[in-house]
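Nothing in this text is a laboratory measurement; each read-out follows from the coordinates by a stated rule. Quick caveat, the model's predicted, so the values are computed rather than measured. Glycine also receives a Cβ, built like all others from the backbone with ideal geometry; neighbour counts cover every protein chain displayed.
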Amino acid sequence: MEENKLAGIIKETTETKLGTLEWKKSPNPHIHLKDSSANSPCATQCKDKTCVTVCPAKVYEWHGEKNSIVVNYENCIECGGCRMLCPFDNIVCDWPEGGMGVKYKYG
Ligand code: SF4
Ligand code: SF4
């Protein structure tokens, strides 16, 4: 299968599945960057911006004009991937407070 076609199917499948989830937005972010300054590893060392590419819920956005990462924590599906894969250990990702965040349906 062509790479572009496969990428299209994966994208469509992920977005379709994300569309079946429900969230309850917490007023308190459960994710933040340890260092979001102009000297942070995001701004000065991290070429690949792994968080932007690995997060299935598009929580992280690189804003080149501001030289910083924006964290849309309310979209998080709590998979834990970003915290494991940040090459500079710059992400704090806990659980949303009780009853908040994503709601999974089973059955
Ligand atoms: S992967 Fe880590 S260091 Fe790189 S941009 Fe994201 S938070 Fe910053
Ligand atoms: S825990 Fe998963 S869904 Fe949440 S921000 Fe990290 S990679 Fe994205």
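A Gaussian network model of the chain, with springs between Cα atoms under 10 Å, assigns the largest mean-square fluctuation among LYS17, LYS49, LYS58 to LYS17. Springs join every pair of Cα atoms under 10 Å in this Gaussian network model of the chain, and among CYS86, CYS55, CYS46 the largest mean-square fluctuation is at CYS46. Convex hull volume of the Cα atoms of the chain, normalised per residue: 132 Å³. When the C-alpha to C-alpha distance is required to be over 21 Å, the pairs from LYS66/LYS103; LYS34/LYS66; LYS17/LYS58; LYS25/LYS49; LYS5/LYS105; LYS25/LYS103 that qualify are LYS66/LYS103; LYS25/LYS49; LYS5/LYS105. Couplings 3J(HN,Hα) for the range 54-59, derived from phi with the Karplus relation 6.51 cos²θ - 1.76 cosθ + 1.60 (θ = phi - 60°), are 8, 6, x, 9, 6, 6 Hz, where x marks Gly and Pro. Under the rule that an exposed site lies in a DSSP loop and has at most 10 other Cβ atoms within 10 Å, name the longest stretch of the chain with no GluC sites (Glu not before Pro) of that kind, not counting the sites themselves. Answer - 3-64. Couplings for the range 71-76, taken from phi via the Karplus curve 6.51 cos²θ - 1.76 cosθ + 1.60 with θ = phi - 60°, read 10, 8, 4, 5, 8, 4 Hz in order; Gly and Pro are left as x.
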